[in-house]
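Structure record follows, encoded as structure tokens.
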Amino acid sequence: MIIGLCGSALCLLVFGFAKNFYVALAARLLAGAFNGYIAVIQTVVGEVVTERKHHAFGFAMIPLFWNIGCVVGPLIGRSKYLTRPQPQDVGFLLAPTSFYESFTTQYPYALSNAAVSTFLLVSALSAFLFLEETHSGFTQRYDIGLATGDSIIHFLGLKTPTRPWNIRQNTTTSPEINEATSLNAESVTSYASTLNNPEHIEVEEHIPFLAALGNREIFSHQVLLSVVAFFTIMFHTLVHVQFTPVFLGGSFQRDQLSFPWHIKGGLDWKTEDISTLLSTVGFLGCLIVLVIYPIMDRYIRTITGFRIACIMFPIAYFVVPYTIFMTPGYNPDLPSWVYETVLYSSSMIEIIGSALAFPQVTILIYRATKPKHRALVNSTVMAASAFARFMAPMIWGSLTSFFEEKGLAQIPWNLLALIGAFSVYLSFKIDDYSEDTVNRGEV
């Protein structure tokens, strides 16, 4: 995870300082080689949150902070001080020949990427100093980062937990435990209970990937369906996130529009308007995770909530291209707030679906997998996520360009709605391995 965070920070810096397409492409390829960090974080959360009743809360934290990033990210990107500032916007602060202006003119995206890289590096440093190793085979090894973090905590006058290497050291140096060298009983008990957890006792099996694919004990029918569902949702949500701004920022071509079959161009939105939309729906996603998701988890089964979330995707995708016929430029009788309301509603439906779907499909994969096989299945999910990030922009970029030239810009969105409908189909094929739902009386 730390390697992924640092690698992503490095790739963003290279991307921000790129002066040509090939350097930018190399930065993106390098980012793919590091394979990100989201799937690794999902694995860590699965290893930390061992009690079933805490699964929903633990896995919901990932989309929560993702949506916080969806709020902060566009604000950084639209900032006139970080991304391509105009001379008239910053002239009252700095002289026209200042180093700041010359730097941002030469590297218009460097500062915004550096700001995001700073967030990643701070996260990596926090993980290095304060996050405990969750892999069952490495929990007792000496961790120099964690030891350094404990020293910082102790220097601040706070209580530090007893680490496994402290237990071994005290046992070796003093066979008799007295008042002066006694360990923190609560910490030792907590650590022992963690080791005694069946999920931590069971040793993970190391099986070649190709051999494991044919092993139905590992990749059972339910596991395969859940992984495919994860890949499908990652694919179409990524397309929506990346190509909605393309449609919004495209030039408005009234003479190329004919309801309902002929669409070319976009809505001609400014960067500030697009950023406002993305930040608004990101803020809504935070509220969904904080308010709606806990209520859903309390009263309905995970699989039921997952199905509800998947149903939202095809609805949200289908209406996007047709909002162009609601604009005053095409239909002067309609005020501008009509198409803006429809567009915001569509984006909000999609963000609700993704905010609910990702934690629930992650829980479904976690529950369907045996503890000793979770490392292999999680790595497969990571590979599926990376493959979706690789395929989605390439395929949809080609489709969008092809149909845009034909004046059929709605076709890619219709196809995306079909992929969303396929995820609905998969959700009804997946079962929920939740032995405690019967006692809870969930629907």
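The values are calculated or read from the model by the stated rules, or taken from the named source; none is laboratory data. Owing to the predicted nature of the structure, the values given are computational and were not obtained by experimental measurement. Please note: Cβ atoms are built from the backbone with ideal geometry, for glycine as well, and neighbour counts cover all protein chains shown.
Suppose the filter is over 24 Å from Ile349 (Cα atoms), in contact (Cβ under 8 Å) with a residue 60 or more places away in the chain and not aromatic (Phe, Trp, Tyr); does Gly420 pass it? Spelling it out, it is not the case that Gly420 is over 24 Å from Ile349 (Cα atoms), in contact (Cβ under 8 Å) with a residue 60 or more places away in the chain and not aromatic (Phe, Trp, Tyr). Scanning the range 104-144 for residues that are part of a helix (DSSP H, G or I), among the aromatic types (Phe, Trp, Tyr) and under 30 Å from Phe17 (Cβ atoms) yields Phe119, Phe128. Scanning the range 357-376 for residues that are buried (at least 24 other Cβ atoms within 10 Å of the Cβ) and over 24 Å from Gly420 (Cβ atoms) turns up just one, Thr369. Note on the range 217-266: residues that are farther than 23 Å from Phe402 by Cα and at pLDDT below 80 amount to 4. Of all residues in the range 85-98, none are closer than 20 Å to Val72 by Cα and modelled with pLDDT of 85 or more.
Okay, residues lined up against (1) farther than 28 Å from Tyr322 by Cα; (2) in contact with a Phe, Trp or Tyr (Cβ under 7 Å, 6 or more places away or on another chain); (3) of a type in the set (D, E, K, R):
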{"site": "Leu343", "(1), (2), (3)": "no, no, no"}
{"site": "Ile352", "(1), (2), (3)": "no, no, no"}
{"site": "Ala357", "(1), (2), (3)": "no, yes, no"}
{"site": "Val381", "(1), (2), (3)": "yes, yes, no"}
{"site": "Ile419", "(1), (2), (3)": "no, yes, no"}
{"site": "Ser423", "(1), (2), (3)": "no, yes, no"}
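Checking each residue in the range 117-145 for being of a type in the set (A, V, I, L, M) and more than 18 Å from Ile41 (Cα to Cα) picks out only Ile144. Select from the range 15-60 the residues that are modelled with pLDDT of 80 or more and surrounded by 18 or more Cβ atoms within 10 Å (Cβ to Cβ) and write down the one among them that is farthest from Leu121 (Cα to Cα). Per the criteria, the residue is Ala18.
Within the range 331-339, can one find any residue that is crowded, with 17+ Cβ neighbours inside 10 Å and among the charged types (D, E, K, R)?
No, the range 331-339 contains no residue that is crowded, with 17+ Cβ neighbours inside 10 Å and among the charged types (D, E, K, R).
Considering only residues that are of a type in the set (A, V, I, L, M) and either touching an Asp or Glu at 6+ places or on another chain (Cβ under 6 Å) or surrounded by 24 or more Cβ atoms within 10 Å (Cβ to Cβ) (or both), which ones fall in the range 341-356? Show your work before the answer.
Here is the first cut: in the range 341-356, the ones of a type in the set (A, V, I, L, M) are 342-343, 348-349, 351-352, 355-356.
Listed by number, the residues that qualify are Ile351, Ala355, Leu356.
On the given criteria, is Leu75 at pLDDT 75 or above and buried (at least 20 other Cβ atoms within 10 Å of the Cβ)? Taking the combined requirement at face value, the residue does not satisfy it.
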